[in-house]
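Only one structure is covered here, and it is reproduced in the block below.
The values are calculated or read from the model by the stated rules, or taken from the named source; none is laboratory data. Note that the structure is predicted; figures quoted are calculated from it, not measured. Because the Cβ atoms are built from the backbone with ideal geometry, glycine has one as well, and the counts that use them run over all protein chains shown. Heads up: the accessible areas ignore ligands, DNA and RNA and are worked out on the full protein's heavy atoms, side chains in. Shrake-Rupley method; radii C 1.70, N 1.55, O 1.52, S 1.80 Å.
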Amino acid sequence: MSESRTAIRLLILTAAVVGGFALWHALPAIQAHLAGGEPRAVAARGALAPAEESRIALFEQARDSVVSISTSDRRINPFTRRVTERRRGQGSGFVWDAAGHIVTNDHVIAGVSRARVGLADGRTIEARLIGRDPSNDLAVLRIETGEIRPPPIPIGTSDDLAVGQSVLAIGNPFGLDWTLTSGIVSALERDLPIDGGRVIRDVIQTDAAINPGNSGGPLLDSAGRLIGVNTAIYSPSGSNAGIGFAVPVDTVNRIVPRLIAEGRYAPPSIGIGVDRRAQRLARLMRIDGVMVMSVEPGSPAEAAGVRAAEIARDGRVRAGDTLVEIDGRRVRTAQEVVSLLSGRRPGEEVEIVLFRDGETRRLVLPVVEAS
């Protein structure tokens, strides 16, 4: 009889302990129920705004064409002959063509001994340097991707850009891969000083957030086309301050094919300097052509007596020669002049037509490398 009572007591004690644990675990839910703390109902999201849908589609379309670039240095200890590798930095780039050429900034790969390209599908591939143009901060790498090739980025134009139009930037700021930022074209025709006292002309200014690591990545228009290569920021702190710069795609599309074919870019010249900003002045002066704004000393143009515009101390401009034709093609903008000369090689000849003081003059000038 005592054994039976003991068993019953043990059973009751066990049930009490189990019940106590269950009550302890259920207590928060009971308290929340009594206090009215049930999870709130989720509100219906509804359709995305058209602008959101557009940005999402553009990012998904361009993502696979954008790459990350990591660089490093190899050093040899002169005493032990041991090779060490030191990480140099990170940048961005994009796929140029089906052959695996990658466009980036020259400053991303300058002075490094090794570069690796990271693709959106997770692969990391050793890259080979193909060509550099420090004067425009552009460089071309090449990777061997095998049968699975990332798509080349669509190419747009930059000559018809307008301040205020929407832009998107994709890159790897601070190593945060495939980051999308958006903004507008803030200004055009900026001059961007770079190392060595050189200046990149006619760069695009944007307020799309660009930070260290974005260098070499694409700046896209609202159609998803490349309009520039993100190059630099203006910032006292070194981080985004709402002022970024991109090399315009018209410049990129002129230089990259030469880098691929020849490994370097030597700008062709006849010694005549033109300026896109002078087009407004030419219109005000009712000049139908492209004003010659400078003549390079010792150039074929100087030898032929070409005269540049002169700016007086009071700010007034006296027109010199106006360029109206190149090789039989009418020119009305500085961009047209640059484009027509860009395909020429040193040693070739170019026929130009100049207008001055009511008279036209036809000259044949040799093409040389720009100094």
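Find the percent of Cα-Cα distances in the range 168-207 that exceed 13 Å, and round it to a whole number.
63 percent
Give me the distance in nm between label points sitting 7 Å out from Cα along the Cα-to-Cβ direction at ALA99 and ALA187, one decimal.
Here the modelled spin labels are 3.8 nm apart.
Cα convex hull of the chain: how many Å³ per residue?
312 Å³
In whole percent, how big is the carbon plus sulfur part of the accessible area of the range 194-234, probe 1.4 Å, protein atoms only?
The computed percentage sits at 45.
Quote the relative contact order of the range 86-149 in percent (integer), defining contacts as alpha-carbon pairs under 8 Å separated by 6+ residues.
Computed value for the range 86-149: 33 percent relative contact order.
Run the quick spin-label model on ARG329 and ARG313: label points 7 Å from Cα toward the beta carbon, then report their separation in nm to one decimal.
Distance between label points: 4.3 nm.
Residue-wise, which Karplus ³J(HN,Hα) couplings in Hz belong to the range 203-216, taking 6.51 cos²θ - 1.76 cosθ + 1.60, θ = phi - 60°, and x for glycine or proline?
Result, ordered by residue: 6, 8, 9, 9, 9, 4, 4, 10, 10, x, x, 6, 3, x Hz.
What is the calculated FRET efficiency for GLU359 to SER222, with r their C-beta to C-beta distance and R₀ = 41 Å, to the nearest 0.05?
Calculated transfer efficiency: 0.30.
Helix-only estimate, please: 222 nm mean residue ellipticity of the chain, summing -39500 (n - 2.57) across DSSP H runs of length 4 or more and dividing by its residues, to the nearest 500.
Helix-only estimate at 222 nm: -7000 deg cm²/dmol.
Rank-order 358-366, 186-194 by packing density, defined as the average count of other C-beta atoms within 10 Å over each peptide's residues, highest first.
Taking the mean over residues of other Cβ atoms within 10 Å, the ranking is 186-194, 358-366.
Provide the three semi-axes, in whole Å and in decreasing order, of the ellipsoid equivalent to the range 77-233 as defined by the square roots of 5 times the Cα gyration tensor eigenvalues.
28, 19, 14
Could you work out how much longer the chain between ALA43 and SER113 gets when fully extended? Use 0.36 nm per residue separation minus the Cα distance between them, nm to one decimal.
Length difference between fully extended and current span is 19.7 nm.
For q = 0.17, 0.21, 0.30 Å⁻¹, what log10 I(q)/I(0) does the range 69-114 give under the Debye formula with an equal point scatterer on each alpha carbon and no solvent?
Computed log10 I(q)/I(0) values: -0.58, -0.74, -1.04.
Rounded to the nearest angstrom and ordered from largest down, what semi-axes does the equivalent ellipsoid of the range 100-163 get from its C-alpha gyration tensor (root of 5λ)?
23, 18, 9
With a 1.4 Å probe and all protein chains left in place, how much of the accessible area of the range 259-371 comes from carbon and sulfur atoms, in whole percent?
Accessible surface attributable to carbon and sulfur in the range 259-371 totals 46 percent.
In Å², what does the accessible area per residue of the range 66-223 work out to with a 1.4 Å probe?
With all protein chains present, the range 66-223 gives 46 Å² per residue.
Looking at the range 69-158, which trypsin sites (Lys or Arg not before Pro) are DSSP coil and have at most 14 other C-beta atoms within 10 Å of their C-beta?
Those that pass, being in a loop and sparsely packed, are ARG81, ARG82, ARG123.
Label 7 Å along Cα→Cβ of ARG87; the range 155-172 residues with amide nitrogen under 20 Å?
Only 171-172 fall inside the zone, counting backbone N under 20 Å.
How much accessible area per residue does the range 240-337 have, in Å², with a 1.4 Å probe?
50 Å²
In percent, what relative contact order does the chain have, based on Cα pairs under 8 Å that are 6 or more apart in sequence?
11 percent
Considering the alpha-carbon set of the range 30-143 alone, what are its Rg and its Dmax in angstrom?
Taking only Cα atoms of the range 30-143, I get Rg and Dmax of 23.6, 77 Å.
Restricting to Cα pairs below 8 Å that are 6+ residues apart, what does the relative contact order work out to for the range 81-204? Please round to a whole percent.
In percent, rounded to a whole number, it is 21.
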